[in-house]
1. Please give the number of the condition residue A:278 fails out of (1) buried (at least 21 other Cβ atoms within 10 Å of the Cβ); (2) under 13 Å from the mean Cα position of the chain (by Cα).
2. Taking the conditions exactly as written (free of Cβ contacts under 8 Å to residues at least 24 places away in the same chain and out of contact with any strand residue (DSSP E or B) (no Cβ under 7 Å at 6 or more places or on another chain)), does residue B:227 satisfy them or not?
3. Six or more apart or on different chains, Cβ under 7 Å: which pairs go from a residue in the range B:15-28 that's modelled with pLDDT of 80 or more to one that's surrounded by fewer than 15 Cβ atoms within 10 Å (Cβ to Cβ) and not in a strand (DSSP E or B)? Could you list them?
4. Identify, please: which residue in the range B:368-379 is in a strand (DSSP E or B) and facing chain A (nearest Cβ under 7 Å) and is, among those, surrounded by the fewest Cβ atoms within 10 Å (Cβ to Cβ)?
5. Please go through the range B:380-431 and pick out each residue that is touching a residue at least 40 places away in the same chain (Cβ under 8 Å), part of a loop (DSSP other than H, G, I, E, B) and more than 10 Å from every other protein chain (Cβ to nearest Cβ).
6. Which members of the range B:240-253 meet the condition of being buried (at least 19 other Cβ atoms within 10 Å of the Cβ) and more than 18 Å from residue B:30 (Cα to Cα)?
7. Scan the range A:33-55 and give yes if some residue there is touching a strand residue (DSSP E or B) at 6+ places or on another chain (Cβ under 9 Å), within 30 Å of residue A:333 (Cα to Cα), surrounded by 13 or more Cβ atoms within 10 Å (Cβ to Cβ) and touching a residue at least 12 places away in the same chain (Cβ under 8 Å), otherwise no.
8. Keeping to the range B:419-447, report how many residues are closer than 19 Å to residue A:254 by Cα and surrounded by fewer than 22 Cβ atoms within 10 Å (Cβ to Cβ).
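The values are calculated or read from the model by the stated rules, or taken from the named source; none is laboratory data. This structure is a prediction, so every number in the text was calculated from the model and none was measured. Reconstructed Cβ throughout: ideal geometry from the backbone, glycine too, with neighbour counts over all protein chains shown.
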């Protein structure tokens, strides 16, 4: 390829990547102010909570001691490193250690000096109401609610996103196969889905959770067993419609294999319906983890989660800050996703005109 | 022009602008004036995008306001009343009552969930408050009027899907006539139907017009239809009327260059006379495509729809076999069966090899040599792929071309061959017109250097002048590459221009088969004669040979 040709391709490339159709979609999405703001808030909160260790932690971000720098957030140091007596990891909230460090240097603490499992021993009674020390109070085991919410938000969103992606992949493949081949394959899979969907999934999950020690990946796998069915119908319908289009016939006349026709020709055209559905699946995923945690069959005991906070709120009605916090955070998270979805749907609606 | 007293409909300085967002505007109709007198037929003729349908829709104020708007100065007066900006309740009294409209697409302009009685009854109810037995009697009368008289009572309970395209269009006309309108707007009412049905519908409209003394505004891209039905004609281009006048005068002595271009642009010419005897590329013996009809709980096969029933043909290199017949005669199914895109019985020999027994994997290398171009250029290109990707698809599947650069060069060649700017390969199908899309579809087939090409009505969705260009292109490509064409069409004018041999199909059977000259000069069968009359003279023949 000559230099001139290369320059030409480079010039054509960005145009090819963002087709006029997608530019139009982007414009509609941007014109949807509520959706755009929601997306920004969602993304900013998510990125912030990804770095939760730097925001809420019972270890300092940076320690200067005796002319050297230490990063306790990332590295575990024994107490002896700071002139203490024990070989175990330093406890930076220990007044004795604080005194030792501050004699020969300084510490920088995160904005919230409590981790998600830090029990604040200075308090007399739990749950403690909101105060300058604990902005949203503590839960019934003396852990800071703000710290728990930050970590809980992170795990909820991460879990939701991973489950959404995985269940969409399974759902799209299953729907595509049914819609494209039709006939007995379709009939058989449809009946299987009807039976599978009729299973009382929450009870099954509770039973399974009793057999295995539930952790993030176990719960993901168990919920995935049932979550994939949401997309099947939509994708199947799109493929049933799409398989008779002339361009699909043309591809067949060119000698394209079934897999190629399905994923290079029909799927991109079925993507709109699929994408429109994704936020609902995300919401569903977040909620199913929350409900499991609420019932106590979710993440291992002590894990920070919104469901756990809700359960504490239910058990401690005299401490309304627990329930209120959990409710506000959940409602905000789910509403954000719904608002983003609204803008998404408008952007992909071919009949939508500019106002 | 006879500008008597006040015309029934008077359109003065009509402009229509569409807002494209971001403050940009597109003028679809630009300062158009015309008038229709009582009992007269005015034809608006032009190619797609010339603004003829938009003009018609603005008469009934049916455009998507406020995205569309009429700039100041636009005026449409109907029987002395201004319609632009008229209040909605007033417009509703005019719509479907004094001005009625028949749309192009009979498949989608009827509500699929309502019976014929309900569809027609609705207009009667809205404008006349007619219900019950009175309405029923009137509906039967209307059905008789539009030629659906036989078993009219039975037809009342029919749903649109139980009727053929021509019958649906007749129902549409019955709905339009229900309140004896003063003006009938017909927006390409015959474009989506066969030539034989077109001839019948045109005669029906003409009859009804004389009987009721209606004025008619007839929109079409087909000059032959204009010549047949209209008194006066307005030629539109890019939202402007470039020529207007009496039909006879305009056709005899076109003033504007564009009108001359339109009149000259019909598919014409003949395939060249050849004396050599090339080898057969495709031979088929006793092809049958039967679709089972299943019934009952156990889905037992109780009968068959015989889409293609015992057709034999032989196609030689560099020659064209025209397959003609009405819709539903099995033309397309035959084409698909030959390419093994439809399951069939019988023997299909491609270059001497029986391809009917081959498995999909064994057939794949042969797919390169047999290709197809479909009727609808809007449906046959995937909207998510750029033109370059669409053409490259076949190259990738058959692993032709060593690298991306070599494939790109082939794509450029193919686009040049179909007379498209090679730079268009970076753009998407929706940016192209119908004719250009059809060229892209041809390029997709050509890039594989096939020897056999099925052309499934490649011109019927296109404007007349574009049809002529495509026919010219096909003829050229055939001479250059020695392609064998199976040319499927209901339009005998196009077939005449291309085919060396003609096969006439009816209900899956061969009615007539022979050299094109023999069949066109002296058709033997009534069915063939009826097709000819409909295509060349737009005359409906009353022999019962064709369907209604």
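1. Single failed check for residue A:278: (1).
2. On the way: free of Cβ contacts under 8 Å to residues at least 24 places away in the same chain: no; out of contact with any strand residue (DSSP E or B) (no Cβ under 7 Å at 6 or more places or on another chain): yes.
So residue B:227 does not fit the description; no.
3. Final answer for the pair search is B:15/B:71; B:17/B:71; B:18/B:67; B:19/B:67.
4. Going through the qualifying residues, I end up with B:371.
5. Hits for the range B:380-431 are B:400, B:418, B:419.
6. Scanning the range B:240-253 gives B:247, B:250.
7. Kept after step one, since they are touching a strand residue (DSSP E or B) at 6+ places or on another chain (Cβ under 9 Å), are these residues of the range A:33-55: A:55.
With the extra rule that they be within 30 Å of residue A:333 (Cα to Cα), the set shrinks to A:55.
Checking the rest, the ones that are also surrounded by 13 or more Cβ atoms within 10 Å (Cβ to Cβ) come to A:55.
Filter once more, keeping what is touching a residue at least 12 places away in the same chain (Cβ under 8 Å): A:55.
Yes, that holds for at least one residue.
8. Number of matching residues: 1.
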